[in-house]
Every structure is written in structure tokens, then in C-alpha cells.
Amino acid sequence: MAETLTKEDIKKIEAEIEERKLVLRPQLIEAVKEARAQGDLSENFEYYAAKREKNKNESRINYLERMLKFCHVYEDKTNDDEVGIGKEVELYFEDDDESEKFKIVTSIRGDSLKGRLSIESPIGKAIIGRKKGDRVKVAVGNRGYFVKIMSIEINKEDDDIRSF
């Protein structure tokens, strides 16, 4: 499935790929060579650890390159007073009688434990493009719940891209 990314996400991914290829890859290759030079590979923990780190780096490069190849570019066309990418939204959950703040992000930056809500999540899909004061039904399977948008603020803080 193709990821939905912003132009900023794409730039950040390209920078990570470049860093991994030009800086990290040569360091890891050298670490493997040094560990291999220590002799018997059957009991050489350093060799296997260095090899594993090199393979993890190559896997991450491949993953990011595939992501860029098949991604959809998302252009936020919301107004300043509407919920959109990069905005912090305070939501009131009617069933729980609680409010919580979330930053709206693409799925590659999403992390609900850190208060970053993906536009592809049920809540994200329901509130995108809505305004302060709107009462919105969030559909989850055959059921749902209501949230009320209490505030919308622009948040220019740069979020990390998730690593898996």
C-alpha cells in the first residue's frame, strides 16, 4: 500500500537515505572488515553484530526508497481555521468527558502515544477540513463516537519520521 506523504516528508526521507548511504554505510562496512580481521568467524560476536547493523541499514534504505517510489503526495488545501496537516487540535471526547490535544500528521510521522495523529486514522479522516466548534462522528467499524473540535492551532514543530 502506498504511503501518503507531504513534500516535507519526502525531503526528510531523501535526507535520511543520503545520510545512510554516504555516511553510515561506509562506517558499517569498515566495522564489518575490522571484525572479520579478528579471526575465527564462528565465535566472533563483533563480526555478527557489525554484519547485523550493516544489514539493518541496507533494509532501511530499501524500505525508504520503495516508499518514495510508490508514495502519494498530499497537498494540504485546508484554510488556517480548518483542521489540516501540521495543526494542533484539541478534541473533546463526549463519551469520556475528556479533552486531548493532537498534532495532525501523515502516517509516517503518526504516533498516538506522542500526541501525533495520522490523517489516515479514523479520527484523522473524520476531522480533516473541519472547523473549531464542529461536532464530528468518528466511525469505527459499525460503531462510532462523537468528538468536538475545541481549538485549532498551527504547529510548526518538526516531527521525526518513524523508524520500524
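The values are calculated or read from the model by the stated rules, or taken from the named source; none is laboratory data. In this text the structure is predicted, and so the values were computed from the model without any measurement. FYI the Cβ positions are ideal-geometry reconstructions off the backbone, even for glycines, and counts take in every protein chain you see. Note: accessible area is taken over every heavy atom of the protein model, side chains too, but ligands, DNA and RNA are not part of it. Shrake-Rupley method; radii C 1.70, N 1.55, O 1.52, S 1.80 Å.
Below is a table of values for the structure above.
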| read-out | value |
| --- | --- |
| Any hit, the stretch 10-33, residues being open to solvent by less than 70 Å² (accessible area, probe 1.4 Å) and in contact with an Asp or Glu (Cβ under 6 Å, 6 or more places away or on another chain) | yes |
| Any chance Ile119 is over 16 Å from the mean Cα position of the chain (by Cα) and of a type in the set (A, V, I, L, M, F, W, C) | no |
| Some residue of the stretch 3-24 being part of a loop (DSSP other than H, G, I, E, B) and under 23 Å from Lys125 (Cβ atoms) | yes |
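Every residue, every condition in (1) at pLDDT below 95; (2) closer than 26 Å to Glu3 by Cβ; (3) among the aliphatic types (A, V, I, L, M), yes or no:
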site	(1), (2), (3)
Arg20	no, yes, no
Val23	no, yes, yes
Val32	yes, no, yes
Ser42	yes, no, no
His72	yes, yes, no
Lys77	yes, yes, no
Asp81	yes, no, no
Gly115	yes, yes, no
Ser118	yes, yes, no
